[in-house]
Structure formats: structure tokens, C-alpha cells
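The values are calculated or read from the model by the stated rules, or taken from the named source; none is laboratory data. No experiment lies behind these values; they were computed from the predicted model shown. All Cβ positions, even for glycine, are placed from backbone atoms using ideal geometry, and neighbour counts span all protein chains on display. When the accessible area is computed, the model is the full protein with side chains, heavy atoms only, and any ligands, DNA or RNA have been set aside. Shrake-Rupley method; radii C 1.70, N 1.55, O 1.52, S 1.80 Å.
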Amino acid sequence: MGQKLTTALRRLLQALPVLFGVIVITFLLTRALPGDPAVYFAGPAADEKSIAEIRKSLGLDRSLPEQFLIYLGDLAEGDLGQSLSTGQPVLNDLLSRLPASLELTFAALLLSTAIALPIGILAALNPGTWIDHACRLLVTMGVSLPTFFTGLALIFFFYYLAGWAPSPIGRLDFVYLPPDAVTGFFTIDALIAGDVETAAAAVGQLALPAITLALFTLAPIARMTRAAMLQALSSEYIRTARAAGLPPRKVIGTYALRNAILPVITTLGMVFSFTLGANVLVEKVFAWPGIGSYAVEALVVSDYAAVQGFVLSMAILFVLLNLLVDIAYTLIDPRVRMEA
């Protein structure tokens, strides 16, 4: 236990320079965005004096080094700044919207993993056959279609034509009240409250956007599973296990899959990070109130604090996710523990 804690602390310390680099680059890039937030929020009828007053109130009249030092001081106090577009602290905006994005991303990743793992294993067990080609065609189709097109197509068929899906208006229909926040996930919180009807409604709202993202994330998981399984199945220990007469299910499930799962876990971590930050198109199509759409809206109006807060939160989540992947490695593969 102590060794794992030491490894986790070492990983966190190694991530500090990366986080500082993210802070610097994000600060400079946001200042390089076209447009002036002071002009935007002053309105089209504002004169130069009022624009200058707003720029001063926002601290934009100071030099870049001064602005950066003030920003670092605020970060040290846990203050991500005030969003100009919402009028709320950026931290509050992110915390209120993050559960929606996490719920959507987790649901999509669970669904894509449940489909991609069997597809990848099946393709690896039948390399070069029509089964292998069909599996690769399926995952390639999923990643080739833009997410906004897939989402609109699903809405057209399942909501407009068939009438099976609820209207794409966010996490819950207007006739339902959001459950009391425990985890922030409507599906889980409604079940905790014993409200099965609201939970079912939340699952219905979640289904189409989750399927849209799952189709897009199928390819990397299935391809990595296939490649890792092919490498494992061609290993000496697998040939030895088969020569010893072990059942095929045990050879594949216990020996091959367990040794092939590490690169798959790495891919899952990368896909999760990418999906969480890049699902803005899905959020826009389904009116999903997540952090992706929040960041794009802030970017349009040059809301520096909101954009910087979004990028920094994504960087922190990415670091924590890598830490969880490292811990999962040590739990699955004893060789990683020995090397540590």
C-alpha cells in the first residue's frame, strides 16, 4: 500500500510541470484570440470611454506579465475567475456542468467497450477471414461518420420517424424534475431517490447521445483489442497452454485476454479524455448542458476566465486519469508492481 502511495505521489509531482505549462500556454492563447471582450460586453452603442472603463474593470489594461501573475495568485486561492458570459464564478459553472458531461462520456464508453471488446477478440480469433473484415468495416464506419451527422440521423429515425426516443432537449424532459444531487448523474440519483420513472426518463434522454459517442469511440478500442490479442495469441505461453490441453475458453479468457488488456486500458484512458473534451458537437445536437458547449460559448465571446478554467480542468482530469490507469496497471499485472 505504501509503495502504491509513493508511486501515486511521484506521478502527481511529475505532472506539476505539465500543468504549469498548460496554464502558461492557455493564458497566452486566450489573449491571442481575435476580438476584445470589453468591446463585446460594452455593446455596439458603447463609446471609447465606456469600453476603456470595462477593460480596466476586467484588468485587461495591465501588461501581460501583470495579468499572468494576478491569474496565478487567483489560482493559488482556488479562484478560476468570473465568467463574463454567465456572470457566475467559473468554478461553479464547471462543477454544475461537469456531471452532465461525465455521465454522457461514461455511458458512451461503457457501451462502446461492451461492443468493442467482443468485436476485437472475435476479429483476433479469426484473422484474415470474413469475420475479421466485417468487424473492421463496422468500426471504420462508426469512426468515419461525423458525430453531428450520426446524432442528427439517430434523431431523425428514432425520434421523428419512429417516435421511440424522447425529444432531444437535454438531460430530462420538462415534465420531470431533476433528482436531488448526490452523484450529479441523473440516472443514478433518481435510483437513489427511488424514483424509477425519472430514472427511466433520464436513461431515455441519455440513450441517443451515448450511442452517438459510442459509435465514434468503437474503432480505437476494437483495433487495440484486436492487435493486443493477436500479439498475445502468438506468444510462447499461449502455445504452451494449448499444448498442455487447457480448455480454449481458459486460454483465451485467462491467459491471452489478461495479458492483452493493459494496452486496451491505456487506449480507454486516452479515448475517455478525448471524448470528455471533444463531445461538444453531440452536446450541441442534443442540447446537453455539458462543459464542452460551455467552453465553445465562452470561446465565441472571448471569455478568458471560462476558457482557461475549462482547459485547466481538462488537464487536471487527464492527469488524474493517467494516475488511475497506472494504478490499474499495478492491480492487473504483477510485473508492473515488481518494476515499480
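Just one residue in the set 234, 293, 273 is of a type in the set (Ser, Thr, Tyr) and over 30 Å from residue 171 (Cβ atoms); that residue is 234. Taking segment 161-183 as the range and being loosely packed, with under 12 Cβ neighbours inside 10 Å and not hydrophobic (A, V, I, L, M, F, W, C) as the test, the residues that pass are 163, 180. Scan segment 293-327 residue by residue and report those that are assigned to a helix (DSSP H, G or I), charged (D, E, K, R) and open to solvent by less than 50 Å² (accessible area, probe 1.4 Å). The answer is 326, and nothing else.
Of all the numbered requirements in (1) at negative phi; (2) open to solvent by less than 20 Å² (accessible area, probe 1.4 Å); (3) not hydroxyl-bearing (Ser, Thr, Tyr), residue 236 misses one, and that requirement is (2). Filtered by the rule that a residue be in a loop (DSSP other than H, G, I, E, B), at pLDDT below 70 and open to solvent by 50 Å² or more (accessible area, probe 1.4 Å), segment 37-55 gives 44, 45. Taking the criterion of being more than 20 Å from the chain's Cα centre (by Cα) and not in a helix (DSSP H, G or I), would at least one residue in segment 154-161 satisfy it? Within segment 154-161, not a single residue is more than 20 Å from the chain's Cα centre (by Cα) and not in a helix (DSSP H, G or I). Quick check on residue 261: is it open to solvent by 20 Å² or more (accessible area, probe 1.4 Å) and in a helix (DSSP H, G or I)? Taking the combined requirement at face value, the residue satisfies it.
Every listed requirement among (1) of a type outside the set (A, V, I, L, M); (2) assigned to a helix (DSSP H, G or I); (3) modelled with pLDDT of 80 or more is met by residue 288 save one, (2). When segment 273-292 is filtered for residues that are under 15 Å from residue 217 (Cβ atoms), crowded, with 24+ Cβ neighbours inside 10 Å and of a type in the set (Val, Ile, Thr), only 282 remains.
If the condition is being surrounded by 17 or more Cβ atoms within 10 Å (Cβ to Cβ) and of a type in the set (Ser, Thr, Tyr), then segment 95-137 contributes 101, 105, 112, 113.
Within segment 184-199, can you find the residues that are open to solvent by 60 Å² or more (accessible area, probe 1.4 Å) and assigned to a helix (DSSP H, G or I)? 188, 191, 192, 196, 197, listed by residue number.
For residue 27, state whether it is in contact with a Phe, Trp or Tyr (Cβ under 6 Å, 6 or more places away or on another chain) and at pLDDT 80 or above. Spelling it out, residue 27 is indeed in contact with a Phe, Trp or Tyr (Cβ under 6 Å, 6 or more places away or on another chain) and at pLDDT 80 or above.
Evaluating residue 127 against the criteria (1) over 21 Å from the mean Cα position of the chain (by Cα); (2) without any contact (Cβ under 8 Å) to a residue 60 or more places away in the chain; (3) not in a helix (DSSP H, G or I) leaves one unmet condition, (2). Only one of the numbered conditions (1) more than 16 Å from residue 99 (Cα to Cα); (2) of a type in the set (A, V, I, L, M, F, W, C); (3) without any contact (Cβ under 8 Å) to a residue 60 or more places away in the chain is not met by residue 208, and that is (3). Quick check, is residue 89 at pLDDT 90 or above, open to solvent by 20 Å² or more (accessible area, probe 1.4 Å) and closer than 30 Å to residue 74 by Cβ? For residue 89, the condition - at pLDDT 90 or above, open to solvent by 20 Å² or more (accessible area, probe 1.4 Å) and closer than 30 Å to residue 74 by Cβ - is not met.
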